[in-house]
1. Can you tell which of Ile136, Ile143, Ile149, Ile122 is more than 15 Å from Leu83 (Cα to Cα) and out of contact with any helix residue (DSSP H, G or I) (no Cβ under 6 Å at 6 or more places or on another chain)?
2. Report, ordered by the first and then the second residue, all pairs with beta carbons closer than 6 Å, sequence separation of six or more or different chains, a first member in the stretch 445-462 that is modelled with pLDDT of 95 or more, and a second member that is of a type in the set (S, T, N, Q) and more than 9 Å from the ligand (Cβ to nearest atom).
3. Mind listing whichever residues of the stretch 493-519 are farther than 21 Å from Leu480 by Cβ and within 29 Å of the chain's Cα centre (by Cα)?
4. Consider only pairs whose beta carbons are under 8 Å apart and that are at least six residues apart or on different chains; among these, list those whose first residue lies in the stretch 418-436 and is over 16 Å from Ala405 (Cα atoms) and whose second residue is at pLDDT below 95 and not aliphatic (A, V, I, L, M).
5. So which residues in the stretch 488-507 are more than 11 Å from the ligand (Cβ to nearest atom) and within 20 Å of Asp396 (Cβ to Cβ), if there are any at all?
6. Would you point out the residue of the stretch 415-424, among those that are at negative phi and in a loop (DSSP other than H, G, I, E, B), that is nearest to the ligand (Cβ to nearest atom)?
7. Would you check if Leu278 is in contact with a strand residue (DSSP E or B) (Cβ under 7 Å, 6 or more places away or on another chain), at pLDDT 95 or above, buried (at least 23 other Cβ atoms within 10 Å of the Cβ) and closer than 20 Å to Glu204 by Cβ?
Amino acid sequence: MSSNSLSGAKILLNCLTRENVDCMFGYPGGVTLPLYDALYDYPIRHILVRHEQNAAFAAQGYARATGKVGVCCATSGPGATNLVTGLVDAMMDSIPLVALTGQVSTKLMGSDAFQEADTFGITRSATKHNFLVKNINDLPQVIHEAFYIAASGRPGPVLVDVTKDVFQGQAQYTPVTEIHLPGYRVFSEGHGGQIRRAAQMIWEAERPFVYAGGGIIAGDAHDALREFVETIDAPAVCTLMGLGALPAEHPNFISLPGMHGSYAANMAFSHTDLIIALGVRFDDRVTGRLAAFAPHAKVIHVDIDPAEIGKNRQADLPIVGNVKRVIPKLISELHQLAPSLKQKNAACRRSWWDQIEEWKREHPLVPETSDSEIKPQHLMAEIDRLSNGRAIVASDVGQHQMWAAQLIRFSEPRLWINSGGLGSMGFGLPAAIGAQFARPDKLVFAIVGDGGFQMSIPELATIANHALPIKIIVMNNGYLGMVRQWQELFYNNRLSQVELSSFPDVEKLAGAYGFTGRTVEDVREMPRALEEAVKEPGPYLLNVRVSALENVFPMVPAGGAINEMVLRPPQPVEV
Ligand SMILES: Cc1ncc(C[n+]2csc(CCOP(=O)(O)OP(=O)(O)O)c2C)c(N)n1
């Protein structure tokens, strides 16, 4: 063997080094033994999580907080299958991820060998692309292609399954300098004629409305979005995936739209004559009943993924391209057309703004408070006060997620980290871990329900291990709150399997891992308890007992039109 002959495991690690991977999340096993042995000699930081699902979620937290590709790793069989939820989650939210899995040796494949699973087959629909590497000479090319595919175009998860004999084999290592994927095209620029036409439609609209989503954050186009919104001075919503794309304090920002969006946001959709949809996918949680969605609107839809355009709502003007490239071109066209068109509908646009302001005044998103109990909304308002738009907030899934999205402000992208499309409980805590590794300088909150928290309790060990100063805030209502809400509202309050008794004593639980835990139930103590948690240099587990039966409003019932919002709980009738 010549001097630059390396094991497959080392070749893989060299490739990761070339991709600037500084941190990966994983869990070892039989087939990946050669990889973990080689890792010993590499400067790549490996974080040992306590469950592979959390490796994928933590890698996502890292990716969501930075925009870099997150990396996770699992062994064959159960290790790989444990990753699947995290992969689908990344797929739904377009998060760049490379998942490395071990596979049994090539000669054993198909023999039901110990810990053999058809990872390639299982993850085919869970990933943007996947590879099975059975020949060591393919390894460098495949790894770099995996990173390229994960990060380019519409980002997403890519899985590379590597057989044990490839890890153990030896080969010359020649660094790959070029990616050649003839069947994979990324459309970035947008069509010039369409962009010009869009500018014209925008100036001609009487009630224009900007609908911005996760694509703005993925495309790093938040500055462009802001300039665009200011150029046309239109009201704007950011979706659950897009919160922070426009600063929450920006005068043109309304709120998130959709099932738990604000009255103003949803009414605006119902009355606008032009939706400018930027990096969004007309998700059913935004549109409500599609047939009744935005009945008066023409649609300009900009997206990097041609498959998104016209998928749910027909676009009157489609533009396939990267929002970061397209929006500046659109702005320049708008400036060119402004002298002849800008004033045309100025009066209509002024009354459109008056109408928006009136809707905002009629039903603002204000946190409920009470003197006798901790309202969940009050808790979110206090977290908002301490964050002041700047902390990273990783949320789990449920009512707390919706209240956090409604009430916590984000002044920039990549602060709000949540599982949007898949809605995976158990996401929040490991995602916070990934985000804290990515941004050690940042205050990181993990806001979790008492249900989702119990899905990720094992990761308290990872937090303790690394003394991660994450502030874990359990919004404890004693229920699987969001499911209980639906049972109350749509199943005659027949509560079935939603009560969560036997929640652990958090002082003992956190204490068992060597950090501080506390329960707060008195509303007068809650703000101070949060401040103490934030002040603590290390991790902190704060269990906040909130009112048990609070529901998230506004709410568009499933199947309802977006303007058919239930705005508040039924008021007791006075006699
Ligand atoms: C893995 C997974 N299982 C089930 C669900 C369905 N689900 C959505 S919200 C929810 C309740 C969450 O309860 P909790 O974590 O206590 O949060 P809360 O709604 O009370 O804020 C459930 C069970 C889910 N989203 N993910």
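The values are calculated or read from the model by the stated rules, or taken from the named source; none is laboratory data. It should be emphasised that the depicted structure is a prediction, and the values quoted were computed from it without experimental measurement. Positions of Cβ are backbone-derived with ideal geometry, glycine not excepted, and every protein chain shown enters the neighbour counts.
1. Ile149
2. Note: pairs meeting the criteria are Ile447/Ser395; Glu459/Asn54.
3. Answer for the stretch 493-519, where residues must be farther than 21 Å from Leu480 by Cβ and within 29 Å of the chain's Cα centre (by Cα): Ala510, Tyr513, Phe515, Thr516, Gly517, Arg518.
4. The qualifying pairs do not exist here.
5. If the condition is that a residue be more than 11 Å from the ligand (Cβ to nearest atom) and within 20 Å of Asp396 (Cβ to Cβ), then Ser501, Ser502, Pro504, Val506 are the ones that fit.
6. Ser424
7. The answer is yes for Leu278.
To keep it simple, each residue is scored yes or no on (1) under 17 Å from Phe427 (Cα atoms); (2) surrounded by 24 or more Cβ atoms within 10 Å (Cβ to Cβ).
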position: Cys15; (1), (2): no, no
position: Pro28; (1), (2): no, no
position: Tyr36; (1), (2): no, no
position: Asn54; (1), (2): yes, yes
position: Ala58; (1), (2): yes, yes
position: Gly70; (1), (2): yes, yes
position: Val84; (1), (2): yes, no
